[in-house]
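This is the structure I want to talk about, given as structure tokens.
The values are calculated or read from the model by the stated rules, or taken from the named source; none is laboratory data. These numbers come from a predicted model, not from an experiment. No Cβ is skipped: glycine too gets one built from the backbone with ideal geometry, and neighbour counts run over all protein chains shown.
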């Protein structure tokens with residue numbers, strides 16, 4: 001078999017099916033990544049969403065029988081939204097991060113990889129392949145970096161020369177001996193803009209992220225958001241784009257190559273108050289197709305409440321009071337109470353004082369007290 005020709009044929013086919021960039025690397029261990037992952041674990045910087053077994057994350061041969069190559073792919077997504085609606089008083093809007101615009105990228109990339117896999121097996125029936133997108137054992141960025149897709153930026157994203165960091169990544173392990181590509185030359189240099197711009201200081205230094213402080217991670221948690229991060233959330237209801245938006249390598253990078261990734265403005269930048277009342281079915285019907293829905297409606301609703309507090313949207317107080325009194329979920333009741341205090345209306349203060357004597361959950365009581373303390377600060 002002429003594997004050099006097969007590689008070129010795979011590249012050509014990848015372009016036919018809409019893969020924007022493809023690269024190849026060996027299936028050898030990711031030894032450098034192992035030491036970094038161990039250090040992240042020791043420092044408590046992991047998100048908890050990762051594969052727990054570090055050995056599986058760095059040794060392809062633990063998850064695939066006799067691997068020889070890994071094929072990495074990248075698909076570009078838009079950075080700008082056409083006809084984005086304005087957020088204004090009485091109609092405040094939240095924002096999903098760009099990586100959650102359009103259809104869930106996991107499904108789109110898995111489909112591309114499935115097509116690529118079918119093509120390979122048609123050519124080489126004895127070929128074996130295993131594809132993964134984001135939730136697999138391997139570290140997508142490590143594979144993409146070694147396969148020449150781009151370099152690992154100081155913002156912990158893969159930065160490609162062609163599309164900046166606005167790319168989704170996926171990979172396929174195979175038993176075919178395909179010639180590896182050369183890694184891309186590092187391009188951040190002395191630039192430290194992303195590290196300096198991170199709203200919560202989650203970028204400890206170039207290439208090192210404390211996921212526990214990262215807004216992109218925090219918006220996906222289901223509990224009470226720690227106090228120190230609430231004022232940093234702004235109107236983000238899923239994800240965070242700051243470290244990408246400030247990156248000089250992303251200047252003028254905006255690609256609309258895939259219809260699937262085009263955002264619906266009313267979904268990508270939704271009105272906040274209607275989000276508060278959505279049933280599970282309504283949430284699934286409206287947002288179930290986007291990546292930002294994977295944790296369910298609770299984190300989105302909690303974040304929407306914090307965003308309304310950020311705007312000090314007085315028109316939302318009746319809705320927030322209703323949530324504080326009636327919602328069965330302590331996190332939602334408590335966050336609503338905190339937001340009522342943050343907005344600071346007389347109506348809100350009365351509702352907080354009334355609810356304080358009725359509430360039974362200790363965490364919610366604490367949030368009501370936080371809400372009331374804002375009024376004390378105003379009068380101090």
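What number goes with the only condition from (1) under 17 Å from the mean Cα position of the chain (by Cα); (2) more than 27 Å from residue 201 (Cβ to Cβ); (3) in a helix (DSSP H, G or I) that residue 244 does not pass?
(2)
Does at least one position in the stretch 232-240 carry a residue that is within 30 Å of residue 116 (Cα to Cα), part of a strand (DSSP E or B) and at pLDDT 95 or above?
no
Going through the stretch 346-380 one residue at a time, which ones are part of a loop (DSSP other than H, G, I, E, B) and either surrounded by fewer than 18 Cβ atoms within 10 Å (Cβ to Cβ) or at positive phi (or both)?
Those that are part of a loop (DSSP other than H, G, I, E, B) and either surrounded by fewer than 18 Cβ atoms within 10 Å (Cβ to Cβ) or at positive phi (or both): 357, 358, 360, 361, 380.
Can you pull out every residue in the stretch 15-43 that is touching a helix residue (DSSP H, G or I) at 6+ places or on another chain (Cβ under 6 Å) and surrounded by 18 or more Cβ atoms within 10 Å (Cβ to Cβ)?
19, 22, 25, 27, 30, 33, 37
Considering the stretch 42-65 alone, what residues qualify as being assigned to a helix (DSSP H, G or I), within 26 Å of residue 222 (Cβ to Cβ) and in contact with a strand residue (DSSP E or B) (Cβ under 9 Å, 6 or more places away or on another chain)?
The one that is assigned to a helix (DSSP H, G or I), within 26 Å of residue 222 (Cβ to Cβ) and in contact with a strand residue (DSSP E or B) (Cβ under 9 Å, 6 or more places away or on another chain): 43.
Condition check: touching a helix residue (DSSP H, G or I) at 6+ places or on another chain (Cβ under 8 Å) and in a helix (DSSP H, G or I). Does residue 159 satisfy that?
No: the conditions fail for residue 159.
Identify, from the list 203, 233, the residue that is within 21 Å of residue 50 (Cα to Cα), surrounded by 19 or more Cβ atoms within 10 Å (Cβ to Cβ), in contact (Cβ under 8 Å) with a residue 40 or more places away in the chain and touching a helix residue (DSSP H, G or I) at 6+ places or on another chain (Cβ under 6 Å).
Residue meeting the stated conditions: 203.
Okay, residues lined up against (1) under 30 Å from the mean Cα position of the chain (by Cα); (2) without any contact (Cβ under 8 Å) to a residue 12 or more places away in the chain:
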{"position": "281", "(1), (2)": "yes, yes"}
{"position": "298", "(1), (2)": "yes, no"}
{"position": "313", "(1), (2)": "yes, no"}
{"position": "325", "(1), (2)": "no, no"}
{"position": "342", "(1), (2)": "yes, no"}
{"position": "347", "(1), (2)": "no, no"}
{"position": "351", "(1), (2)": "no, no"}
{"position": "359", "(1), (2)": "no, no"}
{"position": "365", "(1), (2)": "no, yes"}
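Does residue 201 satisfy the condition of being modelled with pLDDT under 95 and on the phi > 0 side of the Ramachandran plot?
When the stated conditions are applied, residue 201 does not pass them.
State whether one or more residues within the stretch 181-200 are more than 17 Å from residue 157 (Cβ to Cβ), in contact (Cβ under 8 Å) with a residue 60 or more places away in the chain and touching a strand residue (DSSP E or B) at 6+ places or on another chain (Cβ under 9 Å). Before the answer, list the steps.
Of the residues in the stretch 181-200, the ones more than 17 Å from residue 157 (Cβ to Cβ) are 181-182, 190.
When the remaining residues are screened for being in contact (Cβ under 8 Å) with a residue 60 or more places away in the chain, the result is 181.
Now narrow it down to the ones that are touching a strand residue (DSSP E or B) at 6+ places or on another chain (Cβ under 9 Å): 181.
There is at least one residue in the stretch 181-200 that is more than 17 Å from residue 157 (Cβ to Cβ), in contact (Cβ under 8 Å) with a residue 60 or more places away in the chain and touching a strand residue (DSSP E or B) at 6+ places or on another chain (Cβ under 9 Å).
Exactly one of (1) touching a strand residue (DSSP E or B) at 6+ places or on another chain (Cβ under 6 Å); (2) without any contact (Cβ under 8 Å) to a residue 24 or more places away in the chain is unmet by residue 150. Its number?
Answer for residue 150: the failing condition is (2).
Residues to consider are 86, 75; find the one that is assigned to a strand (DSSP E or B) and either surrounded by 23 or more Cβ atoms within 10 Å (Cβ to Cβ) or without any contact (Cβ under 8 Å) to a residue 12 or more places away in the chain (or both). Give the steps one after another, and end with the answer.
Numbers: 86 fails: assigned to a strand (DSSP E or B).
Only one candidate qualifies: 75.
Also, I was wondering about something else. Give all pairs with beta carbons closer than 6 Å in which a residue from the stretch 3-22 that is free of Cβ contacts under 8 Å to residues at least 40 places away in the same chain meets a residue that is surrounded by 15 or more Cβ atoms within 10 Å (Cβ to Cβ); count only pairs at least 6 apart in sequence or on separate chains.
As it stands, the answer is 11/22, since those pairs meet every condition given.
Residue-wise test of (1) in a loop (DSSP other than H, G, I, E, B); (2) crowded, with 21+ Cβ neighbours inside 10 Å.
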site: 121; (1), (2): no, no
site: 127; (1), (2): yes, no
site: 145; (1), (2): no, yes
site: 154; (1), (2): yes, yes
site: 173; (1), (2): no, yes
site: 179; (1), (2): yes, no
site: 185; (1), (2): yes, no
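Kindly indicate the residue of the stretch 44-66 that is buried (at least 19 other Cβ atoms within 10 Å of the Cβ) and within 29 Å of residue 258 (Cβ to Cβ) and also modelled with the lowest pLDDT among those meeting that condition.
The residue in question is 57.
Restricting to the stretch 247-269, count the residues that are within 18 Å of the chain's Cα centre (by Cα) and surrounded by 19 or more Cβ atoms within 10 Å (Cβ to Cβ).
Summing the residues that are within 18 Å of the chain's Cα centre (by Cα) and surrounded by 19 or more Cβ atoms within 10 Å (Cβ to Cβ) in the stretch 247-269 gives 6.
Give the residue, chosen from 308, 372, that is free of Cβ contacts under 8 Å to residues at least 60 places away in the same chain and in contact with a helix residue (DSSP H, G or I) (Cβ under 9 Å, 6 or more places away or on another chain).
The conditions single out 372.
Can you name the residue in the stretch 278-300 that is touching a helix residue (DSSP H, G or I) at 6+ places or on another chain (Cβ under 6 Å) and in a helix (DSSP H, G or I) and, of all such residues, is surrounded by the fewest Cβ atoms within 10 Å (Cβ to Cβ)?
Ranking the qualifying residues of the stretch 278-300, first place goes to 283.
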